[in-house]
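A.B. asks: Supplied in structure tokens, the structure appears directly below.
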Amino acid sequence: MIKLGSHVSFAAPGYYAGSIQEALSYKANALMLYTGPPQNNKRVPMEKCKVEEGLNLLKENHIHEEDVIIHAPYLINLANTLKEDVFTFSKELLKSELLRSEILKAKYMVLHPGSHLKEGVEKGIASVISGLNEVLKEDPTDVTICLETMAGKGSELGVSFEELREMIFGCAYPERLAVCFDTCHTNDAGYDLQDFDKVLEEFDKVIGLDRLKVVHLNDSKNPVGAHKDRHANLGYGTIGFETLCSIAYHPALQEVCKILETPYVNAHAPYGLEIESIRRKEFNSQLMELGK
Ligand code: FE
Ligand code: FE
Ligand code: ZN
């Protein structure tokens, strides 16, 4: 059975136990969460986050701890060379998120490489590398940071496999780094997923397939190369259901978790229906009726 799940919430009162319960309600066997609001650094201490209860739920329901993916907060920007305090804040927040991930026994944390803010790709990448080096030098966990492929909106880094390679192998701790492949973002970055084998081949040549540890399975509202980053529900975008389904079942990605980050439909989470649809390998043409 492929590992398939979605983004879930990690909020009061259920916290970690609530995240697992939400995933179970979608019949997921993988999940992704932020350990607090992604747009700020206020964090509830882990002792209050129902961790034991969550870990027990995982065990009872045969979900592996390593199939719980953590997403680092958006406001981390290791590529910010304009404001020293943002760079410092980003490092500190990343350090504490790694520790929180370890308490949840998670193995992979997804991180946006950052935005260079018009200071140039090379300067941005150098800053990301120095930030990662400083964080990982002191980090006692063995959580793997998965740099996400980005759409190339604004001055985002990580828009090509080559940029990700530079960051991974430029870092002093490449064994701690991997990649999260977001299908919407790679589409928007200019990779045509209709020939997914060719894209994977290129990924393998540039980075190495063994580094691909998480897939974000999203359709895209925009054509190849649009640099937009607007997610669509599976089969309701330009990538299409068949292609996304074949990515989900790709033999080279058997062990990799596929995580949905598709938009809510009529204020309802679509994940239960989308997961069912991938499991059945059948497009759900009624999805937009959800909640009506
Ligand atoms: Fe992301
Ligand atoms: Fe993503
Ligand atoms: Zn996105």
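A.B. asks: List the longest stretch of the chain that has no exposed loop site; here a site is one of the GluC sites (Glu not before Pro) assigned by DSSP to anything other than H, G, I, E or B, with at most 13 other Cβ within 10 Å. Mind showing how you got there, number by number?
C.D. replies: Working: sites that count: 255, 282.
Within the chain, the longest run free of exposed GluC sites (Glu not before Pro) spans 1-254.
A.B. asks: Quick one: what do you get for the range 1-154 if you divide its Cα Rg by 2.2 N^0.38 Å? Don't jump to the answer; show the numbers that get you there.
C.D. replies: Details: Rg = 16.1 Å, N = 154, 2.2 N^0.38 = 14.9 Å.
Relative to the 2.2 N^0.38 Å estimate, the range 1-154 comes out at 1.08.
A.B. asks: Kirkwood hydrodynamic radius (Cα pairs, Å) of the chain?
C.D. replies: 19.1 Å
A.B. asks: Leaving out ligands and nucleic acids, and using a 1.4 Å probe, what accessible area per residue does the range 98-245 come to in Å²? Walk me through the numbers on the way to the answer.
C.D. replies: Values: 5620 Å² over 148 residues.
Value for the range 98-245: 38 Å² per residue.
A.B. asks: Lone cysteines in the chain, defined as no other cysteine's Cβ under 4.7 Å from theirs: which are they?
C.D. replies: Here 49, 171, 184, 245, 257 come out as lacking a disulfide-compatible partner, given the Cβ-Cβ threshold of under 4.7 Å.
A.B. asks: Further, regarding this structure: Give me the percent relative contact order of the range 58-155, please, defined on Cα pairs under 8 angstrom at least 6 residues apart.
C.D. replies: Details: 146 pairs, mean separation 33.3, N = 98.
This gives 34 percent for the range 58-155.
A.B. asks: In addition: Grab the other residues whose beta carbon is less than 14 angstrom from that of residue 233, score K and R as +1, D and E as -1, and report the net. Working shown, then result.
C.D. replies: Numbers: positive: 221, 230; negative: 219, 261, 274, 276, 289.
Net charge around residue 233: -3.
A.B. asks: Quick check: the distance between the Cα centres of the range 251-292 and the range 168-231, to the nearest angstrom?
C.D. replies: The distance from the Cα centre of the range 251-292 to that of the range 168-231 comes to 20 Å.
A.B. asks: Out of all DSSP beta bridges in the range 73-197, what portion is antiparallel? Express it as a percent rounded to 5. Present the calculation step by step, with values, prior to reporting the outcome.
C.D. replies: Working: 1 of 9 bridges.
If I count the DSSP bridges inside the range 73-197, around 10 percent turn out antiparallel.
A.B. asks: Quick one: Cα centre-to-centre distance for the range 73-87 and the range 111-162, in angstrom?
C.D. replies: For the range 73-87 versus the range 111-162, the Cα centre distance is 10 Å.
A.B. asks: Does the range 72-211 come out rounded, prolate or oblate by the C-alpha gyration tensor, with a ≥ b ≥ c the root eigenvalues, rounded set by a/c under 1.5 and, if not, prolate when a/b is larger than b/c and oblate if not? Kindly include the intermediate steps, with their values, before the conclusion.
C.D. replies: Values: a/c = 1.83, a/b = 1.29, b/c = 1.42.
Oblate.
A.B. asks: Over the chain, what relative contact order in percent results from Cα pairs under 8 Å that are six or more residues apart? Working shown, then result.
C.D. replies: Numbers: 621 pairs, mean separation 46.6, N = 292.
The value is 16 percent.
A.B. asks: Ignoring any ligand, DNA or RNA, what whole percent of the accessible area of the chain comes from carbon and sulfur when the probe is 1.4 angstrom?
C.D. replies: Working: 6400 of 12550 Å².
Summing carbon and sulfur atoms, their accessible area is 51 percent of the total for the chain.
The values are calculated or read from the model by the stated rules, or taken from the named source; none is laboratory data. Note that this is a predicted model, so its numbers are computed, not measured. Cβ atoms come from the backbone with ideal geometry, glycine included; neighbour counts cover every protein chain shown. Each accessible area value is taken on the protein alone, full model and side chains, heavy atoms only, with ligands, DNA and RNA left out. Shrake-Rupley method; radii C 1.70, N 1.55, O 1.52, S 1.80 Å.
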